[in-house]
Ligand code: FES
Ligand code: FES
């Protein structure tokens with residue numbers, strides 16, 4: 001198969017990789033760029049474990065072809081170090097016991113950050129609905145929902 005150059009900005013840094021255009025973004029991130037914080041679960045767009053930010057919005061990297069990402073800006077869980085919302089979410093996840101094995105957590109955090117920014121007035125029902133595309137086999141979701149609500153409420157209280 002032909003490998004083509006794919007140019008990306010990943011976590012603020014330019015990256016160029018040679019890949020078959022149909023390579024999945026998750027495999028490219030993990031295998032070529034060694035960004036293994038992006039997890040792979042179902043590999044068909046259902047569980048959300050592989051969620052990354054693609055041009056500013058959450059995307060499932062297991063069903064996104066690398067060839068379609070040429071020129072794109074991507075942020076993986078490793079790339080949110082200085083981000084205030086992500087920092088608040090990390091703290092809230094810890095305080096609310098929102099993770100156990102942690103497998104879903106990178107994708108869950110990327111999705112949660114998007115909810116906090118996009119839906120600042122969201123109530124618990126809306127948060128549950130928005131997170132329904134991210135599967136967690138361990139926690140029963142209560143801690144996760146509490147953590148997201150905690151950050152939303154903190155921000156509303158400012
Ligand atoms: S691994 Fe991508 S949605 Fe499950
Ligand atoms: S913490 Fe284990 S899958 Fe969510």
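Here, each number is a calculation from the coordinates, and none is a lab measurement. This one's a predicted model, so the numbers in the text were calculated from it and none came from an experiment. Here the Cβ positions follow ideal geometry from the backbone for every residue, glycine too, while neighbour counts run over all protein chains shown.
Points worth noting:
- Just so you know, the Rg over Rh for segment 84-156 is 0.91, from Cα atoms, with Rh as the Kirkwood radius.
- Difference of contour (0.36 nm per residue) and Cα-Cα distance, residue 34 to residue 118: 27.3 nm
- Most mobile of 106, 120, 58 in a GNM of the chain (Cα contacts under 10 Å): 120
- Over the chain, the pair-distance histogram of Cα-Cα distances with 5 Å bins from zero comes to 2, 10, 19, 22, 18, 13, 8, 5, 2, 1, 0 percent, rounded to whole numbers.
- Part-to-part distance (alpha-carbon centres) for segment 1-34 and segment 93-132, which is given in Å: 27 Å
- Note on residue 16 and residue 73: their simple-model spin labels are 2.1 nm apart, each label 7 Å out from Cα toward Cβ.
- Separation in nanometres of the label points that stand 7 Å from Cα toward Cβ, at residue 125 and residue 83: 2.9 nm
- When each of 129, 43, 13 is scored by the number of other beta-carbon atoms lying within 10 Å, the sequence from fewest to most is 13, 129, 43.
- Using a Förster distance of 35 Å, the FRET efficiency for residue 154-residue 3 (Cβ separation, nearest 0.05): 0.15
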